[in-house]
Protein chains: 2
Amino acid sequence: MKKARYYSYLCGKTIGKMNERLILVTNDDGYDSKGMEAAIEVARAFGRVVVVAPETTQSGMSQAITMYNPLYLRRIREEEGVAVYAFSGTPVDCVKMAFDYLLRDERVDMVISGVNHGSNSAVNVLYSGTMGAAIEGSFYGCPAVGLSLDDHGADADFAAAVVYGRRIVGDIFAAEVELPLCLNVNVPVGSVGELKGMKLCRQNRGFWREEFYRHEDPRGREYFWLTGEFVNGEPEATDTDEWALANKYVAVVPVQVDLTDYRQLKNLTKVLK
Amino acid sequence: MKKARYYSYLCGKTIGKMNERLILVTNDDGYDSKGMEAAIEVARAFGRVVVVAPETTQSGMSQAITMYNPLYLRRIREEEGVAVYAFSGTPVDCVKMAFDYLLRDERVDMVISGVNHGSNSAVNVLYSGTMGAAIEGSFYGCPAVGLSLDDHGADADFAAAVVYGRRIVGDIFAAEVELPLCLNVNVPVGSVGELKGMKLCRQNRGFWREEFYRHEDPRGREYFWLTGEFVNGEPEATDTDEWALANKYVAVVPVQVDLTDYRQLKNLTKVLK
């Protein structure tokens, strides 16, 4: 754990002043999604923006990496301090491409992933490509923020996500935060005026139960399509991201990458012989 | 957290006696990999075995799910208490297919994922399809064990992985373990006699730095291929899985799925306004 403001532990460079800052933006819905425009709106308020985002939708890709395929990089556009690249891999591939190739001689001050079309609260943090990219970003010695809006609709309104995204990113830049820092931010549906503010919370315990949709393809072969229902494992708890979202708060969960279950580590000394 | 031995919290059924036990086996290397045979060898010592594993290699797929494609299930064989199915999705899709469709009216007593060709120690737990499946398995109210052998070679010897896998699974069935329980087990290269035993440890802090291999495809388009190097962030620590593996111990790390960073949760009350 190191102080983020003045020192990035990988490159040893000081973090820049506001107008020199460099923000990497990615997502899992693809470089040309509506949520990507919202994420760029958040980022451009703080400095220069480089987008490296998937060519196509990569929802549910978790922290997957592409090991067995070549990947293609495409420069989409560059204007007014925003350069946009599309990469044919997963969200995590995009982050690696940015840090280890495109921006390897530059200092990145923040990674913003999103704004996702749909929430990534509770256990969804594990399946989410948006959060996979944010977690990966936090491995590179800068803060990372995953932003998601609890609305899958084509006409989703990202205005509140932009306002709260800017507030959170601004707060991080203004403070001396410890690294690693990765935030899972979920914004409820509603206008800024309708939302009640931010709430720091913990990840809700819950899980998905799937129903496989079964049908026959045009050649008569039976196929399955994943479809499921989220089960809130603790609907009474008021300190979780699920509760915050349901009660019109922007849910902010700090995410760690040490998966060690220290409680079980102690228990297991009596179990494993 | 519930007691596992007599009660599975999802189905409310008691867990069976040894000869009635049902073990779900999956992996990320595909149903016909050598490591799968080793995992079946582990599982069949404890009861009936159902394999639902990917059609093709799914290494690096993390906890990805397939949202935008139909999936196909294929029955490969059934003999001597072992039924093998191939599923065209990710490792996590395979676990969901097993619990939510194929075995939905049965009680699964354990999920075994692996034996992976290559270790999944340290941060690799996050990218690993083997561990993605094990984590998913632990959501279904039974213990889950991910097994990996620190050898990518085609002639890798899985004998020690089978011996230690059986020992660990046996210990879990013999004890009253708390749920959820998910283990990330990594076996070093070597014969059983060469290994020094098991070591309960924590996940090593480390990360990958990538070099993108660049080349031109037959049509003259530049492509990138991910290739990297693991950086051990704490080479001196002696309580991590990396240390255990390097010192010929079988590394056992209990894995949790609450990603909340409680330390940062406290810190951030001063950061976010």
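The values are calculated or read from the model by the stated rules, or taken from the named source; none is laboratory data. Quantities reported herein were computed from a predicted structural model and do not represent experimental measurements. Please note: Cβ atoms are built from the backbone with ideal geometry, for glycine as well, and neighbour counts cover all protein chains shown. When the accessible area is computed, the model is the full protein with side chains, heavy atoms only, and any ligands, DNA or RNA have been set aside. Shrake-Rupley method; radii C 1.70, N 1.55, O 1.52, S 1.80 Å.
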Anything in region A:242-258 that is at the interface with another protein chain (Cβ under 9 Å from one of its Cβ atoms) and either more than 18 Å from the chain's Cα centre (by Cα) or in contact (Cβ under 8 Å) with a residue 40 or more places away in the chain (or both)? List them, or say none.
A:VAL252, A:VAL253, A:PRO254, A:VAL255, A:GLN256, A:VAL257
Please enumerate the residues belonging to region A:8-29 that are surrounded by fewer than 18 Cβ atoms within 10 Å (Cβ to Cβ) and at pLDDT 95 or above.
none
Against the conditions (1) more than 25 Å from B:GLY132 (Cα to Cα); (2) in contact with a helix residue (DSSP H, G or I) (Cβ under 6 Å, 6 or more places away or on another chain), where does B:LEU259 fall short? Just the number, please.
(1)
B:ARG74: out of contact with any Leu (no Cβ under 6 Å at 6 or more places or on another chain), touching a residue at least 12 places away in the same chain (Cβ under 8 Å), open to solvent by 10 Å² or more (accessible area, probe 1.4 Å) and under 24 Å from A:TYR223 (Cβ atoms), yes or no?
yes
Filter region A:64-107 down to the residues that are in contact with a Cys (Cβ under 7 Å, 6 or more places away or on another chain) and facing chain B (nearest Cβ under 9 Å) and list them by number.
A:PHE87
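Condition first: among the hydroxyl-bearing types (Ser, Thr, Tyr) and open to solvent by 10 Å² or more (accessible area, probe 1.4 Å). Now tell me which residues in region A:117-126 satisfy that. So that I can check it myself, show each step before the final result.
Within region A:117-126, the subset among the hydroxyl-bearing types (Ser, Thr, Tyr) is A:119, A:121.
Once the filter is applied, which keeps residues that are among the hydroxyl-bearing types (Ser, Thr, Tyr) and open to solvent by 10 Å² or more (accessible area, probe 1.4 Å), region A:117-126 yields only A:SER119.
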Given the conditions (1) in a helix (DSSP H, G or I); (2) over 20 Å from B:SER33 (Cβ atoms); (3) touching a helix residue (DSSP H, G or I) at 6+ places or on another chain (Cβ under 6 Å), every one holds for B:TYR140 apart from (1)
Across region A:54-105, what is the number of residues that are over 18 Å from A:PHE139 (Cβ atoms) and part of a strand (DSSP E or B)?
14
Restricting region A:193-208 to residues that are farther than 23 Å from B:LYS270 by Cα and more than 9 Å from chain B (Cβ to nearest Cβ), the one most open to solvent (accessible area, probe 1.4 Å) turns out to be A:GLU194
Would you mention how many residues in region B:88-100 are aromatic (Phe, Trp, Tyr) and under 12 Å from B:ASP29 (Cα atoms)?
0
Quick check on region B:263-271. Is at least one of its residues under 19 Å from the mean Cα position of the chain (by Cα) and not in a strand (DSSP E or B)?
no
Filter region A:151-173 for residues that are open to solvent by less than 10 Å² (accessible area, probe 1.4 Å) and away from chain B (no Cβ under 12 Å); the one that is modelled with the lowest pLDDT is A:ALA156
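Among what's in region B:174-192 and is hydrophobic (A, V, I, L, M, F, W, C) and more than 16 Å from B:ALA144 (Cα to Cα), pick the residue that is surrounded by the most Cβ atoms within 10 Å (Cβ to Cβ).
Ranking the candidates gives B:VAL187 first.
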Pairs only if they're at least six apart or on different chains, beta carbon under 9 angstrom, first in region A:78-97 and free of Cβ contacts under 8 Å to residues at least 12 places away in the same chain, second crowded, with 19+ Cβ neighbours inside 10 Å; list them, first residue then second.
A:GLU78/A:VAL84
Among the residues of region A:243-266, write down those that are open to solvent by 10 Å² or more (accessible area, probe 1.4 Å) and over 30 Å from B:CYS201 (Cα atoms).
A:TRP243, A:LEU245, A:ALA246, A:ASN247, A:LYS248, A:TYR249
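Could you grab me the full set of residues in region A:209-234 that are part of a loop (DSSP other than H, G, I, E, B), in contact with a strand residue (DSSP E or B) (Cβ under 9 Å, 6 or more places away or on another chain) and either away from chain B (no Cβ under 11 Å) or surrounded by 12 or more Cβ atoms within 10 Å (Cβ to Cβ) (or both)?
A:GLY233, A:GLU234
Inside region A:99-114, can you point out the residues that are open to solvent by less than 40 Å² (accessible area, probe 1.4 Å) and in contact (Cβ under 8 Å) with a residue 12 or more places away in the chain?
A:PHE99, A:LEU103, A:VAL108, A:ASP109, A:MET110, A:VAL111, A:ILE112, A:SER113, A:GLY114, listed by residue number.
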Count of residues meeting criterion [touching a Ser or Thr at 6+ places or on another chain (Cβ under 9 Å) and either of a type in the set (Lys, Arg) or open to solvent by 10 Å² or more (accessible area, probe 1.4 Å) (or both)] in region B:32-51:
1
